[in-house]
Amino acid sequence: MPLLLGAHQIDEAFVWLGLQGHIPSSVGRVALWIYLLIAFVVLPIVIPLAVRAFEPDRRRRWLMAPFAAAGTLVGVYLLAVVVRGPIDAQLGHFHLAYSAPISHGLLVVGLYVAAVCGALLLSSYRHVVIFGALNLIAVAILARLTIDGFASLWCAYAALASAAIAVHMRWGKRIHERASVQAAT
């Protein structure tokens, strides 16, 4: 996940460069397509599935299934939106403003946020739950600050926060297992 989110931000740099005229617009346009496919399609599907995959508690995995289903529904819908087009990006103040013809935007965004954050909040790993709560706080703050830059800024936040995911994947499971062993003894 951290590699995907990092690559996603590198890709967004090419969107920026294309819009600023520093690289051919065709390269920037391809980067725009890649960016939106990752943000709109891959992330809402992969994040709840990834959280569900590393969850050791069977009951919690079962409770995460609706979030994975919602993420898949949103991802398929947004794939159709991107393919149908038109899609675009504009330079904003400290962000890019992406546009796509999304019907029922509030519902789609709500399901997207629920899919991406919901599974995190149900995890048996305390660090993952904290990350999910911080994600919801970031969503609220970013939505309040800017609607047109929401996708760009949330993805940038997610890329930075992916360091926390990497730390958890490396050390969090061992800490959780040690705590479980100590509680059992």
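Can you tell me which residue in segment 147-164 is surrounded by the most Cβ atoms within 10 Å (Cβ to Cβ), limited to those that are in a helix (DSSP H, G or I) and either touching a Gly at 6+ places or on another chain (Cβ under 9 Å) or hydroxyl-bearing (Ser, Thr, Tyr) (or both)?
Restricting attention to segment 147-164, the residues satisfying the condition of being in a helix (DSSP H, G or I) are 150-164.
Still in the running and either touching a Gly at 6+ places or on another chain (Cβ under 9 Å) or hydroxyl-bearing (Ser, Thr, Tyr) (or both): 152, 157, 159, 162.
Working: 152: 24, 157: 17, 159: 18, 162: 19.
Top of the filtered list is 152.
Of the numbered conditions (1) out of contact with any His (no Cβ under 9 Å at 6 or more places or on another chain); (2) buried (at least 19 other Cβ atoms within 10 Å of the Cβ); (3) modelled with pLDDT under 95, residue 48 satisfies every one except a single condition; which is it?
Of the numbered conditions (1) out of contact with any His (no Cβ under 9 Å at 6 or more places or on another chain); (2) buried (at least 19 other Cβ atoms within 10 Å of the Cβ); (3) modelled with pLDDT under 95, the odd one out for residue 48 is (3).
State all residues of segment 129-146 that are more than 14 Å from the chain's Cα centre (by Cα) and either within 19 Å of residue 38 (Cα to Cα) or surrounded by 19 or more Cβ atoms within 10 Å (Cβ to Cβ) (or both); if no residue qualifies, say none.
Answer for segment 129-146, where residues must be more than 14 Å from the chain's Cα centre (by Cα) and either within 19 Å of residue 38 (Cα to Cα) or surrounded by 19 or more Cβ atoms within 10 Å (Cβ to Cβ) (or both): there is none.
Kindly list the number of the only condition in (1) aliphatic (A, V, I, L, M); (2) under 26 Å from residue 18 (Cα atoms); (3) part of a helix (DSSP H, G or I) that fails for residue 69.
Checking residue 69 against (1) aliphatic (A, V, I, L, M); (2) under 26 Å from residue 18 (Cα atoms); (3) part of a helix (DSSP H, G or I), the one that fails is (2).
In this structure, does residue 30 turn out to be part of a helix (DSSP H, G or I) and in contact (Cβ under 8 Å) with a residue 24 or more places away in the chain? Explain how you work it out, then say what you get.
Values: part of a helix (DSSP H, G or I): yes; in contact (Cβ under 8 Å) with a residue 24 or more places away in the chain: no.
No: the conditions fail for residue 30.
Listed residues 127, 93, 104; which is free of Cβ contacts under 8 Å to residues at least 60 places away in the same chain and within 27 Å of residue 14 (Cβ to Cβ)?
93
Pairs needed: first member in segment 1-27, assigned to a helix (DSSP H, G or I); second member anywhere, surrounded by fewer than 13 Cβ atoms within 10 Å (Cβ to Cβ) and of a type in the set (A, V, I, L, M, F, W, C); C-beta distance under 6 Å; at least 6 residues apart or different chains.
Once the first residue is assigned to a helix (DSSP H, G or I) and sits in segment 1-27, its partners that are surrounded by fewer than 13 Cβ atoms within 10 Å (Cβ to Cβ) and of a type in the set (A, V, I, L, M, F, W, C) give 19/91.
Go through 63, 3, 78 for me and flag whichever is buried (at least 17 other Cβ atoms within 10 Å of the Cβ) and either out of contact with any Ser or Thr (no Cβ under 7 Å at 6 or more places or on another chain) or over 24 Å from residue 142 (Cα atoms) (or both). Steps first, please.
Numbers: 63 fails: buried (at least 17 other Cβ atoms within 10 Å of the Cβ); 3 fails: buried (at least 17 other Cβ atoms within 10 Å of the Cβ).
Answer to the check: 78.
So, residue 176, is that one more than 13 Å from the chain's Cα centre (by Cα), buried (at least 19 other Cβ atoms within 10 Å of the Cβ) and either more than 15 Å from residue 38 (Cα to Cα) or modelled with pLDDT of 85 or more (or both) or not? Full working, then the answer.
On the way: more than 13 Å from the chain's Cα centre (by Cα): yes; buried (at least 19 other Cβ atoms within 10 Å of the Cβ): no; either more than 15 Å from residue 38 (Cα to Cα) or modelled with pLDDT of 85 or more (or both): yes.
No; evaluated as a whole, the condition is false for this residue.
Given the conditions (1) part of a helix (DSSP H, G or I); (2) within 27 Å of residue 10 (Cα to Cα); (3) in contact with a helix residue (DSSP H, G or I) (Cβ under 9 Å, 6 or more places away or on another chain), which single one is not true for residue 98?
Checking residue 98 against (1) part of a helix (DSSP H, G or I); (2) within 27 Å of residue 10 (Cα to Cα); (3) in contact with a helix residue (DSSP H, G or I) (Cβ under 9 Å, 6 or more places away or on another chain), the one that fails is (1).
Give me the residue from segment 118-128 that is surrounded by 20 or more Cβ atoms within 10 Å (Cβ to Cβ) and in contact with a His (Cβ under 8 Å, 6 or more places away or on another chain) and, out of that set, farthest from residue 56 (Cα to Cα). Let's see the steps before the verdict.
Within segment 118-128, the subset surrounded by 20 or more Cβ atoms within 10 Å (Cβ to Cβ) is 118-120, 122-123, 125, 128.
Of the ones still in play, those that are also in contact with a His (Cβ under 8 Å, 6 or more places away or on another chain) are 125, 128.
Details: 125: 9, 128: 13 Å.
Ranking the qualifying residues of segment 118-128, first place goes to 128.
Residue-wise test of (1) over 12 Å from the mean Cα position of the chain (by Cα); (2) of a type outside the set (Gly, Ala, Ser).
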{"site": "14", "(1), (2)": "yes, yes"}
{"site": "20", "(1), (2)": "yes, yes"}
{"site": "24", "(1), (2)": "yes, yes"}
{"site": "29", "(1), (2)": "yes, yes"}
{"site": "34", "(1), (2)": "yes, yes"}
{"site": "43", "(1), (2)": "no, yes"}
{"site": "57", "(1), (2)": "yes, yes"}
{"site": "69", "(1), (2)": "yes, no"}
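Considering each of 152, 103, 123 in turn, give the residue that is within 15 Å of residue 38 (Cα to Cα) and out of contact with any Pro (no Cβ under 8 Å at 6 or more places or on another chain).
Working: 103 fails: within 15 Å of residue 38 (Cα to Cα); 123 fails: within 15 Å of residue 38 (Cα to Cα).
Going through 152, 103, 123 in turn, just one is within 15 Å of residue 38 (Cα to Cα) and out of contact with any Pro (no Cβ under 8 Å at 6 or more places or on another chain): 152.
The values are calculated or read from the model by the stated rules, or taken from the named source; none is laboratory data. All figures in this text were calculated on a predicted structure; none of them were measured in a lab. Glycine also receives a Cβ, built like all others from the backbone with ideal geometry; neighbour counts cover every protein chain displayed.
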